[in-house]
1. Among the listed residues B:Thr261, B:Thr290, which satisfies the condition of being in a helix (DSSP H, G or I), modelled with pLDDT under 95, open to solvent by less than 50 Å² (accessible area, probe 1.4 Å) and hydroxyl-bearing (Ser, Thr, Tyr)?
2. Any idea which residue in region A:244-273 is farthest from the chain's Cα centre (by Cα), counting only those that are open to solvent by less than 10 Å² (accessible area, probe 1.4 Å) and over 18 Å from B:Leu173 (Cα atoms)?
3. Applying the selection to region A:130-158, what residues are without any contact (Cβ under 8 Å) to a residue 24 or more places away in the chain, buried (at least 22 other Cβ atoms within 10 Å of the Cβ) and within 10 Å of another protein chain (Cβ to nearest Cβ)?
4. Filter region A:148-203 down to the residues that are within 15 Å of B:Leu48 (Cα to Cα) and within 17 Å of the chain's Cα centre (by Cα) and list them by number.
5. Report whether or not A:Val206 is buried (at least 23 other Cβ atoms within 10 Å of the Cβ), touching a Phe, Trp or Tyr at 6+ places or on another chain (Cβ under 7 Å) and of a type in the set (A, V, I, L, M).
6. In this structure, is A:Ala42 among the aliphatic types (A, V, I, L, M), at pLDDT 90 or above and either under 27 Å from the mean Cα position of the chain (by Cα) or open to solvent by 40 Å² or more (accessible area, probe 1.4 Å) (or both)?
7. Restricting to region B:276-296, count the residues that are farther than 18 Å from B:Val317 by Cβ and out of contact with any Leu (no Cβ under 8 Å at 6 or more places or on another chain).
8. Scan region B:301-314 and give yes if some residue there is within 28 Å of B:Gln101 (Cβ to Cβ), among the aromatic types (Phe, Trp, Tyr) and open to solvent by less than 60 Å² (accessible area, probe 1.4 Å), otherwise no.
Amino acid sequence: MSTVSALAKQRTPVRPARILLHVFLAGCALAWLAPLLWAMYAAMRPYAETSAKGYVSWPDELSLDNFTNAFEQSDMLHYFGNTLLIAVPAVLLTLFLSSMVAFYVSRFDFRVNLFLLLVFTAGNLLPQQVIITPLYRLYLLIDLPGITMSGKLYDSALGLVLIHVAFQSGFCAFVLANYMRSLPHELTEAALVDGASVWRLYWQIVLPLCKPAMAALATLLSIWIYNDFFWALVLISTGENMPITSALNNLSGQYFTDPNLVAAGALLTAIPTLIVYFVLQRQFVSGLTLGANKG
Amino acid sequence: MTVTAKTGTGTGATSTPGTAAVPPPGHPDNVTSGQAERLRAPLGHRRLLTRRDRLTLGLMAGVPTILHVLLVWLTALASIALAFTTWDGIGFDAIKWVGLQNFRELFTSNPQFWPAVEHNVTWFVVLILIPTPLGLFLAVQLDKNIRFSKVYQTAFFLPVVLSMAVIGFVWQLVYNPDTGLINSLIGANKPGHYIDWIGDPDLNLWSVLIAASWRHTGYMMILYLAGLKGVDPALREASSLDGANEWQTFKNVIFPTLRPTNTVVLVVTIIEALRAFDLVFVFNKGAEGTELLSILVTNNIIGESSRIGYGSAIAVVLLVISLAVIIPYLIATFRKERRA
């Protein structure tokens, strides 16, 4: 508390340099928001008006009609549902599996640990296109009659969940292993001597202590998986099965006839990530830097 | 801390008596597990593990590893194998070994390959020269504990939260020759005066790169802000006591301490440049002027032509470049961690 008030006191003298800095930062911030504000403005105007008066013009009327139209015409709720069906299991599974790996490599001193962690971390850094061709073939090969709608791993939510989990667990295992390493060894040591099983150590002692890191990763993963474009583009063939961000690409050609409607559709797609970000800003930023600070 | 201690004892009290602290007797690798070389705390665990614990641990590490290795590393290896073959994707007996033919064709006669490499390099150079220093500059300014810092931060960081697909659509509204913001403002939206930001092969790469830089700046800013938080305030104080001005302090004191962050930033930027895909795909599907290696690979799958060997050869080029960055970085990172 004392440092905060001290800093607040430091702030009070208004120097010209400070004002200049504020002007500069405010200008930059506005420039940064400009494309989004522009999209917002375009989305709030009817097509007829903009085509008659041009896009850079004063509005006669502003409304949210484009948003409701885009939402209804393109059956967006359905695509949001697809995303939910992919993202929720993918985030939970990724956290579960990567925390187990992290527990294994950080709390025990097996010889493979370092190598294992290297394999996971390096895998996450690979560009997705490096693996897509064989993956695509593999997904076409695997028959899952009755389990997925398509009867294959290809063109199914399950297929997307699996690749998200496999890919993202690299990053999460790295971050969680670092985190778990910072927990005092006496904790698990004592429990182990008392006869607790390895599973108990993981589930009842280590995992609850990892809550802050898990929350940060969950936020990050939700946004990443929600925003995925590439996997769905290649591994889903039926437009109906696509998650929202990839579906948008199809929708803009199929349903939307005017740019104002496209703008509204794109902005609608961004709303869930914006909500997650604004509500969980701290977790999101700390998640990004959890992995980066360790370098 | 008290909570954790309670959990610890609670676990001990209620655990099944049968598994209590009985080391599997006479297990060879318990005795000779290399205690001589490494006397680290976790080593003691091994002696306490029951057979069931070992099984549990095996499963805990094994299941995720199998999934990861199968879907990521085995497919990467398969890419390498397929790069030396031709295959139309129908039936395994159609796979033909052709040696280096795909690579030869790629390097000598594919008109899109070298431009794609060049564009990937340009992508990296632009990202490291413009948004990265800008992100650092903004981070340094926002680190001064000024008013509205959070508001500015949010404005710069917002693009990082959006999907590349959405960013692509938003920037199309800016670039559209007829209805876009730029042409409308400069009066280039009339027939005969059009500036086609997305269609012109001399312009479109730069247009996409502006959108990519728009996003990258916020990302870099956050990484540097985190790095700056780790700088010891005493350093700053000492520097100002020595009479250094703001720029001197930054150049001689703060920036050198940001070395770990700089490494991360460099690696992240290279990886982003190699991964670049979504934005270009939404813009113009990587048509003339914006080819990228990632786009060429993808075109072999979702395009009409299914030339799997050829696409894999491009993927291998991408893989080799990526690993050349990833492996040294990870080795350095992990070595540091071991020492710590």
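The values are calculated or read from the model by the stated rules, or taken from the named source; none is laboratory data. Computed from a predicted structure; not experimentally measured. Every residue, glycine among them, receives a Cβ derived from its backbone with ideal geometry; neighbour counts consider all protein chains shown. For accessibility, only protein heavy atoms count, side chains too; no ligands or nucleic acids. Shrake-Rupley method; radii C 1.70, N 1.55, O 1.52, S 1.80 Å.
1. Numbers: B:Thr290 fails: in a helix (DSSP H, G or I).
Going through B:Thr261, B:Thr290 in turn, the sole match is B:Thr261.
2. Residue satisfying both the conditions and the ranking: A:Ala247.
3. Residues of region A:130-158 that are without any contact (Cβ under 8 Å) to a residue 24 or more places away in the chain, as a first pass: A:130-131, A:133-134, A:137-138, A:140-148, A:151-153, A:158.
Filter once more, so that each one left must be buried (at least 22 other Cβ atoms within 10 Å of the Cβ): A:130-131, A:133-134, A:153.
Correct list: A:Val130, A:Ile131, A:Thr133, A:Pro134.
4. Once the filter is applied, which keeps residues that are within 15 Å of B:Leu48 (Cα to Cα) and within 17 Å of the chain's Cα centre (by Cα), region A:148-203 yields nothing.
5. On the way: buried (at least 23 other Cβ atoms within 10 Å of the Cβ): yes; touching a Phe, Trp or Tyr at 6+ places or on another chain (Cβ under 7 Å): yes; of a type in the set (A, V, I, L, M): yes.
The answer is yes for A:Val206.
6. Numbers: among the aliphatic types (A, V, I, L, M): yes; at pLDDT 90 or above: yes; either under 27 Å from the mean Cα position of the chain (by Cα) or open to solvent by 40 Å² or more (accessible area, probe 1.4 Å) (or both): yes.
Taking the combined requirement at face value, the residue satisfies it.
7. Number of matching residues: 8.
8. Looking for residues that are within 28 Å of B:Gln101 (Cβ to Cβ), among the aromatic types (Phe, Trp, Tyr) and open to solvent by less than 60 Å² (accessible area, probe 1.4 Å), one finds at least one in region B:301-314, hence yes.
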